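First the structure, in the form of structure tokens, and then the observations on it.
The values are calculated or read from the model by the stated rules, or taken from the named source; none is laboratory data. Only a predicted model underlies this, so the values are computations on that prediction, with no experimental measurement involved. Note that each Cβ is placed from the backbone with ideal geometry, even for glycine, and that neighbours are counted across all protein chains shown.
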Amino acid sequence: MIRLCDILFSGLTLIFLSPFLLLICLVLRFTGEREVFYFQERVGLNGESFRLLKFATMLKNSPNIGTQSLTVKDDLRVLPFGKILRKTKINELPQLINVFKSDMSLIGPRPLTRQHFNLYRSEVRFGLQKTKPGLSGIGSIAFRDEELLLADKTSASLFYEMKIAPFKGDLELWFTKNRTFSNYLKLILVTVAVIIGMKPRILWLIYNDLPEPPSEFKKILY
């Protein structure tokens, strides 16, 4: 049932949004570095790699500059039009193609680079490998404003490794153990609610058995 919904929703949404997506492609083609799409290897089902698709929002050499694969608030590597796409999460829409192709699901753990995937403890990695990554999900919703957490840190990479990764891993592991069609539908609705302005704390109002967030994260969650 989940796979059928993935196909129907991603396919119909791509058709419905095609004029808008084409307009984004044209703007990207004639601004910034003239790149339209950004491809990156991410860890998927069974630990196999797949090519994640996004609209290009950063300098082409950004993975080798500054905080590398981490993006912080007011990151100088982000292009002007890219800031708009990232703020609205429009840059993620091409991943509907990944969903349609079955690389991803609409709802699941956030697909990570191999480097960040390996920061999770073995129990979390084992659980994630049994579940398709998602366009949205518990981790994506809770850390929608992750860049704000990293903005004022002396070492963004160290803070991510020591603070964010352990808690995000706990959230994603919770989902792998509670992956039902009911939660799939609920999290689609929660995603929409957060996009239009609700805070991620709605997750803890719906699911009272979610891992409790550390105090330093509550400023972006609540």
Mind listing whichever residues of region 1-24 are within 16 Å of ILE97 (Cβ to Cβ) and touching a residue at least 24 places away in the same chain (Cβ under 8 Å)?
ARG3, ASP6, ILE7, PHE9, SER10, GLY11, THR13, LEU14, LEU17, LEU21, ILE24
Would a scan of region 72-89 turn up a residue that is at pLDDT 95 or above and among the basic types (Lys, Arg)?
no
Which numbered condition LEU205 fails, given (1) under 26 Å from LEU93 (Cβ atoms); (2) over 19 Å from the mean Cα position of the chain (by Cα):
(1)
If I ask for residues that are out of contact with any Gly (no Cβ under 6 Å at 6 or more places or on another chain), at negative phi and in contact (Cβ under 8 Å) with a residue 24 or more places away in the chain, which ones from region 88-102 would you list?
ILE90, ASN91, GLU92, LEU93, PRO94, GLN95, LEU96, ILE97, ASN98, VAL99
Those residues of region 128-153 which are surrounded by fewer than 19 Cβ atoms within 10 Å (Cβ to Cβ) and under 21 Å from GLU41 (Cβ atoms) amount to GLN129, LYS130
